[in-house]
2 protein chains.
Amino acid sequence: MVQYDEARLDASFAALSDATRRGVLEQLGRADASITALAERFQMTLTGIKKHVGVLEQAGLVTTEKVGRVRTCKLGPHRLEEATAWIERHRQLWEARFDALETVLEELQRKEQINGRKKRK
Amino acid sequence: MVQYDEARLDASFAALSDATRRGVLEQLGRADASITALAERFQMTLTGIKKHVGVLEQAGLVTTEKVGRVRTCKLGPHRLEEATAWIERHRQLWEARFDALETVLEELQRKEQINGRKKRK
């Protein structure tokens, strides 16, 4: 069984549970950006956007670097690999279960048809 | 551009940001379970597990049905499709960007090699 870093998964999913933070990740996926540029883009105060960037930074999804007076944000070392792996494994689990249900249903239908034919005879 | 239901994404990711709730989803992916069985499985009080199941229910990831005195939990109508789609799109975006960076780097290396050869001549 795959062992997940549960604390990191908590942090990754919590970081993704806000539309602005998802927007920041989208933006940084396209190009690095300064805190000021992100604040303008998302029509937020510097304090507000810094808070969101802080949550993303704590989750390892974003890193920031200050050069002179400009703090630049870029995508961090954790690229949601674990979050993706978790979701993917679950979809497989569910799909396997639904496939199994389907097989049982088909088997039942087949038996019903056979019984139906027997009764008609 | 894909339009996401941001409120649902918020709810899905928030629901996934807790190890017990992820555990409940894993469990229900294998088989339906009663609140009592889940409380035992995760060594929690009935009140505690009900709170987690409530969060999952609000996000549409779990449904519950009470028959007699037993409340049974099963996977709900939303199967994390949107959460998966969001994460998937982002990985593609990032990968495209990294591929682009790689092409630039290769181009630079190629030029450097040519310059190196010219200097040696």
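Here is a check on your reading of the model: is residue A:71 farther than 17 Å from residue B:90 by Cα, touching a residue at least 60 places away in the same chain (Cβ under 8 Å), surrounded by 14 or more Cβ atoms within 10 Å (Cβ to Cβ) and among the charged types (D, E, K, R)? Walk me through how you get there before you give the answer.
On the way: farther than 17 Å from residue B:90 by Cα: yes; touching a residue at least 60 places away in the same chain (Cβ under 8 Å): no; surrounded by 14 or more Cβ atoms within 10 Å (Cβ to Cβ): yes; among the charged types (D, E, K, R): yes.
Taking the combined requirement at face value, the residue does not satisfy it.
Among the numbered criteria (1) in a loop (DSSP other than H, G, I, E, B); (2) away from every other protein chain (no Cβ under 13 Å), which one does residue B:77 miss?
Condition not satisfied by residue B:77: (2).
Would you be able to tell me the number of residues in segment B:42-57 that are in contact with a helix residue (DSSP H, G or I) (Cβ under 8 Å, 6 or more places away or on another chain), more than 23 Å from residue B:8 (Cα to Cα) and assigned to a helix (DSSP H, G or I)? Working first, answer last.
Initial filter on segment B:42-57 (in contact with a helix residue (DSSP H, G or I) (Cβ under 8 Å, 6 or more places away or on another chain)): B:42, B:44-46, B:48-50, B:52-53, B:55-56.
Then keep just the ones that are more than 23 Å from residue B:8 (Cα to Cα); that gives B:42, B:44-46, B:48.
Keeping just the survivors that are assigned to a helix (DSSP H, G or I) gives B:46, B:48.
Total satisfying the criteria: 2.
Consider segment A:78-112. How many of its residues are among the polar types (S, T, N, Q) and either in contact with a helix residue (DSSP H, G or I) (Cβ under 9 Å, 6 or more places away or on another chain) or closer than 30 Å to residue A:62 by Cα (or both)?
Within segment A:78-112, the subset among the polar types (S, T, N, Q) is A:84, A:92, A:103, A:109.
Pick out the ones that are also either in contact with a helix residue (DSSP H, G or I) (Cβ under 9 Å, 6 or more places away or on another chain) or closer than 30 Å to residue A:62 by Cα (or both) and you get A:84, A:92.
Adding up the residues that qualify gives 2.
Collect the residues in segment B:1-24 that are touching a helix residue (DSSP H, G or I) at 6+ places or on another chain (Cβ under 9 Å), more than 10 Å from chain A (Cβ to nearest Cβ) and part of a loop (DSSP other than H, G, I, E, B), keeping them in residue-number order. Walk me through how you get there before you give the answer.
Start the filter on segment B:1-24 by keeping residues that are touching a helix residue (DSSP H, G or I) at 6+ places or on another chain (Cβ under 9 Å), which leaves B:2, B:4-24.
When the remaining residues are screened for being more than 10 Å from chain A (Cβ to nearest Cβ), the result is B:2, B:5, B:8, B:24.
Selection gives B:2, B:5.
Residue B:65 passes all but one of (1) facing chain A (nearest Cβ under 9 Å); (2) of a type in the set (D, E, K, R); (3) assigned to a strand (DSSP E or B); which number fails?
(1)
Taking into account only those residues within segment A:25-42 that are in contact with a Leu (Cβ under 6 Å, 6 or more places away or on another chain) and touching a residue at least 12 places away in the same chain (Cβ under 8 Å), which is farthest from the other protein chains (Cβ to nearest Cβ)? Step through it out loud before you land on a result.
Taking segment A:25-42 first, the residues in contact with a Leu (Cβ under 6 Å, 6 or more places away or on another chain) are A:28-29, A:39.
Right, trim to touching a residue at least 12 places away in the same chain (Cβ under 8 Å) and you get A:28-29.
On the way: A:28: 9, A:29: 4 Å.
Per the criteria, the residue is A:28.
Would you check if residue A:62 is surrounded by 11 or more Cβ atoms within 10 Å (Cβ to Cβ) and under 15 Å from residue A:12 (Cβ atoms)? Walk me through how you get there before you give the answer.
Working: surrounded by 11 or more Cβ atoms within 10 Å (Cβ to Cβ): yes; under 15 Å from residue A:12 (Cβ atoms): yes.
Yes.
Could you grab the pairs with beta carbons closer than 6 Å, sequence gap of 6+ or different chains, first residue in segment A:80-107 and within 7 Å of chain B (Cβ to nearest Cβ), second one in a helix (DSSP H, G or I) and of a type in the set (Val, Ile, Thr)?
Cβ pairs passing all conditions: A:80/B:87; A:84/B:87; A:87/B:84.
Working carefully through the options B:96, B:85, B:39, find the one that is assigned to a helix (DSSP H, G or I), hydrophobic (A, V, I, L, M, F, W, C), at pLDDT 85 or above and surrounded by fewer than 16 Cβ atoms within 10 Å (Cβ to Cβ). Step through it out loud before you land on a result.
On the way: B:96 fails: at pLDDT 85 or above; B:39 fails: surrounded by fewer than 16 Cβ atoms within 10 Å (Cβ to Cβ).
One residue alone meets the criteria, B:85.
The values are calculated or read from the model by the stated rules, or taken from the named source; none is laboratory data. Predicted model only: the values in this text are computed from it and were never measured. Every residue, glycine among them, receives a Cβ derived from its backbone with ideal geometry; neighbour counts consider all protein chains shown.
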